[in-house]
Amino acid sequence: MGAVDLASLVLHAQADAWAEQARLRPGGASAELPGARLAASGLPHPQHNGADLTDASAVDEAAVARWFAERELPWAWRVPALRGWEGGRLLLEQRLMGLPAQDLRPAPLPAGVAVRTATPADADAVVAVDVAAFGGPPAPARAWLAGLLAASGRRAG
């Protein structure tokens, strides 16, 4: 698999993940418009509502903005560095990584380490780890993570 193929798969997986995240939450929604895949979490934070740019030549920026305006949500574009689109202003950079499935290798847990799925009862610990790892205030992290922790039968991560 070539680097471009893997990059395209990773970008597609990112948009899929955001759409799934949106569906975990009350008020969440996702849509596909020409040139963009949209995901709204229902939370009032632009980092949790976004439009993944898929084709700069086909995107209707006004239609994307209307979709989020109808939900009264702030939002942001997620634009792959490889796409060369100049709309908007840069808020942050997020590195994405991917590995072909055949290259995945199991990683044994160190002695004495146990891993389990977090639940809503673990919210304080999960928020503390998230804030320590990614920065920012706890309140938006708690709102975002609550949907993950409450997702019945799904893993948060």
* Residue under evaluation GLU61, criteria (1) within 20 Å of ALA141 (Cβ to Cβ); (2) modelled with pLDDT of 90 or more; (3) surrounded by fewer than 19 Cβ atoms within 10 Å (Cβ to Cβ), criterion not met -> (1)
* Asked: Just to be sure, is ALA151 aliphatic (A, V, I, L, M) and modelled with pLDDT of 90 or more?
  -> no
* Residues being part of a loop (DSSP other than H, G, I, E, B) and under 15 Å from TRP18 (Cβ atoms) - total across the stretch 37-73 -> 7
* To do: Within the stretch 108-150, track down each residue that is in contact with a helix residue (DSSP H, G or I) (Cβ under 8 Å, 6 or more places away or on another chain) and of a type in the set (Lys, Arg).
  => ARG142
* To do: Among residues belonging to the stretch 64-116 that are within 22 Å of LEU43 (Cβ to Cβ) and of a type in the set (Val, Ile, Thr), point out the one that is modelled with the highest pLDDT.
  => VAL64
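Please determine whether any residue of the stretch 58-72 is aliphatic (A, V, I, L, M) and touching a helix residue (DSSP H, G or I) at 6+ places or on another chain (Cβ under 8 Å).
no
The values are calculated or read from the model by the stated rules, or taken from the named source; none is laboratory data. Note that this is a predicted model, so its numbers are computed, not measured. Quick reminder, even Gly has a Cβ in these numbers, built from the backbone with ideal geometry, and neighbours come from all protein chains shown.
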